[in-house]
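Notes for the one structure printed next.
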Amino acid sequence: MTGYYNPQLVALSLIVAIFASFTALQLAGRVSQNRGGRSWAWLVGGAFSLGSGIWSMHFIGMLAFHLPIEMAYDAAITALSMLIAVVVSGLALFVVSRAAMSLRNLTAGATLIGLGIAAMHYTGMYAMQMSPPIQYQPTLFVASIVIAVAASFVALWIAFTLRDKSFGVAVLLKLGSAIIMGSAIAGMHYTGMAAAQFAPGSICGAASSTGGMSNAALGVLIAIANIGILGITLGVSALDAHFATKLANALQATNQQLSELALYDGLTGLPNRMLLEDRMGEAANHAERSGNSFALLFVDLDRFKPVNDSFGHSVGDELLKAVAQRLTTCVRKMDTIARTGGDEFVVILSGIGDPKDAAMVSSKILDELSRPFFIREHEVDISGSIGISVYPKDGKDVNLLKTNADIAMYHAKQAGRNSYRFFAAGMTPPTPAPRSA
C-alpha cells in the first residue's frame, strides 16, 4: 500500500523543526546562565517546550502523509511518544548546560538523545496500530537512527558552542545553526517514514478504537498548540535575557556608585584624598613628558570652627558645599579640586607656564571666599589661607610637594590669614593654634 505527501504540510513540518531547534539554542543559554532552582525551572520548562516542538514536527509530518485508508492514533501510545520527546529534550538541555563537555560526553549524550528521538518517532508510528504491523526496510531503518544520532551530535555541539551568545551576530549564527539542526531532524523523520512498508489491505486499528484520535484533528491541534508553546518560550527567553541585561546594568551602576564612594567626598562630591594622590601622580607624569610644571594649592578655611560652634555642624556642612562650588568657578575643567578632610581643600593647577598663574588663581579664590555666604538665613563670613608649591621646583615627589604646600599655608596663616604664600627653601612648619580657628 503506497502513500503520498502534502508538500505544504511537509514544508510546515520543516519550519516547525527549525523553530524548535532555534528555541533549543535559546534555552541552552538560559539554562547555563542561571543557577539553582531557576536553572532547573528553565530545564523542565525547556524540556516540555522543545519536546513538544519536536513531537509537533513529527505529527505534522504524519499529517502530511496520506494512505488510502482512514488514519488515527491511539491516545495512550501517542502520549507516551510525547513523554519520550520531553525526556530526550531535557537530557539535551542538561548536557549542553554543563560547564565543560568532552568528546566522550558529547558522543554518549548524542547517542542517547538520537536513540530517544528515534524511539519517539517509531512509538508515534506504532500508535497507528496498523494491522498487519508496519514492516521497516532494514537499511533505511538503520539510516534513520544513524541520522538521529549524527543530528544530535551536531545539535549538541552547536548548542554548547552558542549557548552564551544572545544578540547581534549570535542570533544570525543561531538561526543558521537552527536550519541545519531542523533539517537534520526532519531528515531523520522522513527517512524513517521511507523505511515504513504498509502491506496491501492494511487497516488502522486506532481508527476503530474508542481511544483513537483522527490524524487531522490531532495533527492540527498539536501543531497549533506547540507553535504557541514555542513562541511563548522564545518570548520568555527574550524577557529573561532583558532582565539579565537590566541586572548587569544595575550591577554596573552599583559598582560605579561604590567606586564614587571610594574616590569622591560624600559631602561635596569633590575627589577625596585617594583620588587626589592619583591625580597628582598623573600631573607629575604629564609634566615629565611635556616639560611643563604644575602647581599645588593647599587651601584652608579661616574662622570655620566658630561657624560650627555657633550655628551647628549642619550649617558647617552646607558651608563646605558652598565653598566647593565657589572653588570650582575659579579653576579650569582640566584642573582638580579635592577635599582632603575637614575644611581643607587641595587644588592641582595643570600645565602652568609661570608661577604667576598660580598666584592669580589664588587671588581669585581668596576673593571668592571673602564674599559673604548665606546659609539657612545666616550670613557667614570666612576667608582662606593658601600655600603654593610648584612641580618640580619644590619637589619631584608628590607627597613632598603636598607637604611643602601645607607648610606654605601655615606661613600664610601666620602672616595674617586671607593670603597666599609660595613655598620657599628654609620654611619650616610652625606650631600655631589650631588651623581652623
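The values are calculated or read from the model by the stated rules, or taken from the named source; none is laboratory data. Keep in mind it's a predicted model, so treat the numbers as computed, not measured. All Cβ positions, even for glycine, are placed from backbone atoms using ideal geometry, and neighbour counts span all protein chains on display. All accessible areas refer to the heavy atoms of the entire protein, side chains included, with ligands and DNA or RNA removed. Shrake-Rupley method; radii C 1.70, N 1.55, O 1.52, S 1.80 Å.
Against the definition (on the phi < 0 side of the Ramachandran plot and modelled with pLDDT of 90 or more), how does residue 260 come out, yes or no?
no
Considering only residues of region 115-139 that are more than 22 Å from residue 89 (Cα to Cα) and crowded, with 18+ Cβ neighbours inside 10 Å, which is farthest from the chain's Cα centre (by Cα)?
Top of the filtered list is 130.
Taking the stated definitions as given, is residue 92 at pLDDT 90 or above, assigned to a helix (DSSP H, G or I) and either open to solvent by 50 Å² or more (accessible area, probe 1.4 Å) or under 24 Å from residue 44 (Cβ atoms) (or both)?
Against the criterion (at pLDDT 90 or above, assigned to a helix (DSSP H, G or I) and either open to solvent by 50 Å² or more (accessible area, probe 1.4 Å) or under 24 Å from residue 44 (Cβ atoms) (or both)), residue 92 does not qualify.
With a cut-off of at least 3 residues that are buried (at least 22 other Cβ atoms within 10 Å of the Cβ) and at negative phi, name the strands (runs of 3 or more DSSP E) lying wholly within region 354-415.
Qualifying strands (runs of 3 or more DSSP E): 383-391.
Mind checking whether some residue in region 302-325 is charged (D, E, K, R), in contact with a Gly (Cβ under 8 Å, 6 or more places away or on another chain) and open to solvent by less than 30 Å² (accessible area, probe 1.4 Å)?
Within region 302-325, one or more residues are charged (D, E, K, R), in contact with a Gly (Cβ under 8 Å, 6 or more places away or on another chain) and open to solvent by less than 30 Å² (accessible area, probe 1.4 Å).
Is there any pair with a first residue in region 404-431 that is of a type in the set (Asp, Glu) and a second that is surrounded by 18 or more Cβ atoms within 10 Å (Cβ to Cβ) whose Cβ atoms are under 7 Å apart and which are 6 or more apart or on different chains, and what are they?
Hits for this filter: 406/298; 406/387.
Could you tell me whether residue 42 is modelled with pLDDT under 75, touching a helix residue (DSSP H, G or I) at 6+ places or on another chain (Cβ under 6 Å) and either surrounded by 24 or more Cβ atoms within 10 Å (Cβ to Cβ) or among the basic types (Lys, Arg) (or both)?
Answer is yes for this residue.
Take the residues of region 95-111 that are within 27 Å of the chain's Cα centre (by Cα) and not in a loop (DSSP other than H, G, I, E, B): which is modelled with the lowest pLDDT?
96
Against the condition open to solvent by less than 50 Å² (accessible area, probe 1.4 Å) and at pLDDT 85 or above, how does residue 178 come out, does it pass?
In short, no.
Which one of these is under 16 Å from residue 302 (Cα atoms) and of a type outside the set (D, E, K, R): 372, 392, 355, 429?
Among 372, 392, 355, 429, only 372 is under 16 Å from residue 302 (Cα atoms) and of a type outside the set (D, E, K, R).
Please work out which residue is farthest from residue 149 (Cα to Cα), limiting yourself to region 185-206 and to residues that are part of a helix (DSSP H, G or I) and open to solvent by 20 Å² or more (accessible area, probe 1.4 Å).
For region 185-206, the residue satisfying everything is 205.
Which of the residues that make up region 140-175 are open to solvent by less than 30 Å² (accessible area, probe 1.4 Å) and modelled with pLDDT of 80 or more?
Within region 140-175, 144, 148, 151, 152 qualify.
For region 339-372, what are the residues that are under 46 Å from the mean Cα position of the chain (by Cα) and of a type in the set (D, E, K, R)?
If the condition is that a residue be under 46 Å from the mean Cα position of the chain (by Cα) and of a type in the set (D, E, K, R), then 339, 343, 344 are the ones that fit.
Considering only region 320-332, I want to know if a residue exists there that is touching a strand residue (DSSP E or B) at 6+ places or on another chain (Cβ under 9 Å), outside any strand (DSSP E or B) and touching a residue at least 60 places away in the same chain (Cβ under 8 Å).
no
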